[in-house]
1. Just to confirm the filter: which trypsin sites (Lys or Arg not before Pro) across the range 36-103 are DSSP coil and have at most 10 other Cβ within 10 angstrom of their Cβ?
2. Would you kindly calculate the translational diffusion coefficient of the range 66-119, applying Stokes-Einstein with the Kirkwood radius from alpha carbon pairs, for 10 °C and a viscosity of 1.306 mPa s, and quote it in µm² s⁻¹ without decimals?
3. Quick check: the distance between the Cα centres of the range 66-93 and the range 30-63, to the nearest angstrom?
4. Taking the Cα centre as origin and putting +1 on Lys and Arg beta-carbons and -1 on Asp and Glu beta-carbons, what dipole magnitude results for the range 33-118, to the nearest 20 debye?
5. Check the straight Cα-Cα distances from Lys55 and name the lysines below 23 Å, setting aside those fewer than 8 residues away within the same chain.
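Please treat every number below as a calculation from the coordinates, not as lab data. Bear in mind that the values here come from a model prediction, so they are computed numbers and not experimental data. Note that each Cβ is placed from the backbone with ideal geometry, even for glycine, and that neighbours are counted across all protein chains shown.
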Amino acid sequence: MAIYNLCRPLLLGAAIAFLTALLALGPVKADLLSVVRIVLQKGRHYDPTDLFLRKGDTITLVNGDDSAVHHASIEADRFAFDAGGQEPGKQATLTLKEPGDFVIACGIHPKMKPTLHVQ
Ligand SMILES: [Cu+2]
């Protein structure tokens with residue numbers, strides 16, 4: 001109980017700081033229900049290799065390699081995605097609007113194949 005009483009002002013301060021930060025984000029508030037996930041392309045691998053997402057979520061593919069170019073694409077029944085050639089440090093985004101399981105292919109590194117599981 002004593003620890004709780006000691007920490008209480010700190011917790012309150014942290015909560016206020018968090019809420020202030022949320023308010024400062026402004027336009028991002030409308031998107032709080034959807035999620036943006038970072039997917040790293042590095043060392044000829046994706047991290048993570050399986051993503052569990054909801055319809056409306058967005059993924060940002062980040063080329064974290066020093067010299068390798070990646071070319072992510074999806075060929076699905078109801079949509080297609082092509083990030084084009086992604087130089088090191090470049091990003092590409094994709095918003096998942098359809099439910100299902102989708103495999104991202106890298107046109108340059110055939111073994112790079114993460115799967116998106118969209119509910
Ligand atoms: Cu690649």
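1. Numbers: sites: Arg37, Lys42, Arg44, Arg54, Lys55, Arg78, Lys90, Lys97; in loops: Arg44, Arg54, Lys55, Arg78, Lys90, Lys97.
For trypsin sites (Lys or Arg not before Pro) across the range 36-103 that sit outside H, G, I, E and B with at most 10 neighbouring Cβ atoms in 10 Å, the list reads Arg78.
2. On the way: Rh = 11.8 Å.
It comes out at roughly 134 µm²/s.
3. With the range 66-93 and the range 30-63 each reduced to a Cα centre, they are spaced 13 Å.
4. Working: 10 positive and 11 negative charges, 26 e Å.
In total the dipole reaches around 120 debye.
5. Qualifying lysines at Cα under 23 Å: Lys29, Lys97, Lys113.
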